[in-house]
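The values are calculated or read from the model by the stated rules, or taken from the named source; none is laboratory data. Keep in mind that what you see is a predicted model, and the values were worked out from it rather than measured. Cβ placement follows ideal geometry from the backbone for every residue including glycine, while neighbour counts extend to all protein chains displayed.
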Amino acid sequence: MKIENTLEKEVELAVALKVGNEEYNTVTIREVTGLDEEAVSQPIYKKNPIGLYHELVYRCITEVAGLDKPITKNYIKSLTIGTLDQLAYEIRKISVGDDYEYSEVCPECNTRNEGVINLADFIQVEKGNRTIDISLKRGILVNDKRIKDITLIYPTGQYQERAFKESASDLLNKKNDDFSIPKFGEITSSLVYSCISNKEELGITTDIVKSMSTIDRKDIAKKLQKTPGLKQIIEIPCNKCSNDKIKHTVNLIDFLL
Ligand SMILES: [Zn+2]
């Protein structure tokens, strides 16, 4: 939604927004205001960080270039996770800048590293498509026919919501609200199912996905992790030992918490 006298910026989406058969690549975002802070501090978001995340991105988009109807929350949820992260990053940047406080323990020497970095030095955005083709090793057996070539849709906001519901207690226990895609093992059949693009047409059901081989599920999980957009995991050098790759998941909405 547009608010007068706020800073705005145009952003080229990492993966286009698809509405019907049309694709839209450019959106305008604005900085966060007190109104947004109040809206996302409501009790309903206390236990629903994904909902808060989507609400914030939704509120701070003022325009989708070429789209002649109002932006809905569902459009936002249909964006890929990497694109949502890209938007959250741009919103953060226009609102509070690029300075970012981190705190992470080095796995090599056990020292807690704390400091401030400039996110722009660490974060990259990779553009790409909404879907990816994959050739399965074992394939999916549907009506005695083995299907090996399928198309996957990169995880979207809807996937994030579903993954959150399926592992809500787990996610809530993680520090720094981790919004990343669940790792393999956490990827349930229903999540794999939701990422198969042409499942109806191919006659693939959730039960069939459950019977898929581990190797195929693993390959799917690997492909899905390579989602285009902003990579939320960065590597920070340790200030005690020679380890220069301490993994840290950037909390893009830290400034609201
Ligand atoms: Zn270290």
>> Out of the residues in segment 1-40 meeting the condition of being in contact (Cβ under 8 Å) with a residue 60 or more places away in the chain and not in a strand (DSSP E or B), tell me which one is surrounded by the most Cβ atoms within 10 Å (Cβ to Cβ).
In response: Val32
> Restricting the search to segment 29-85, which residues are more than 14 Å from Gly157 (Cβ to Cβ) and aliphatic (A, V, I, L, M)?
Replying inline: Ile29, Val32, Leu35, Ala39, Val40, Ile44, Val64, Ala65, Leu67
> Hey, among the residues in segment 90-107 that are of a type in the set (A, V, I, L, M, F, W, C) and either assigned to a helix (DSSP H, G or I) or outside the structural domain of Ile61 (by TED's automatic domain parsing) (or both), which one's surrounded by the most Cβ atoms within 10 Å (Cβ to Cβ)?
Replying inline: Ile91
> In segment 103-125, what residues are touching a helix residue (DSSP H, G or I) at 6+ places or on another chain (Cβ under 9 Å) and under 18 Å from Lys247 (Cβ atoms)?
Replying inline: Leu119, Ile123
> What is the one condition in (1) modelled with pLDDT under 90; (2) among the small types (Gly, Ala, Ser); (3) closer than 30 Å to Gln42 by Cβ that Ser189 does not satisfy?
Replying inline: (3)
> Can you pull out the residues in segment 209-255 that are assigned by TED's automatic domain parsing to the domain that holds Asn143 and over 28 Å from Gly128 (Cβ atoms)?
Replying inline: Lys210, Ser211
>> Looking at the structure I just gave you, is Lys148 part of a helix (DSSP H, G or I), away from the ligand (no atom under 16 Å from the Cβ) and more than 23 Å from Leu230 (Cβ to Cβ)?
In response: no
> Which residues, counting only those in segment 236-252, are more than 16 Å from the ligand (Cβ to nearest atom), touching a strand residue (DSSP E or B) at 6+ places or on another chain (Cβ under 7 Å) and not in a strand (DSSP E or B)?
Replying inline: Val250
> Any chance segment 77-89 includes a residue that's acidic (Asp, Glu), touching a residue at least 40 places away in the same chain (Cβ under 8 Å) and outside any helix (DSSP H, G or I)?
Replying inline: no
> Do you know which residues across segment 63-76 are in a loop (DSSP other than H, G, I, E, B), in contact with a strand residue (DSSP E or B) (Cβ under 9 Å, 6 or more places away or on another chain) and charged (D, E, K, R)?
Replying inline: Lys69
> Among the candidates Ile215, Ile233, Ile220, which residue alone is exposed (fewer than 13 other Cβ atoms within 10 Å of the Cβ), farther than 30 Å from Asn110 by Cβ, away from the ligand (no atom under 16 Å from the Cβ) and in contact (Cβ under 8 Å) with a residue 24 or more places away in the chain?
Replying inline: Ile215
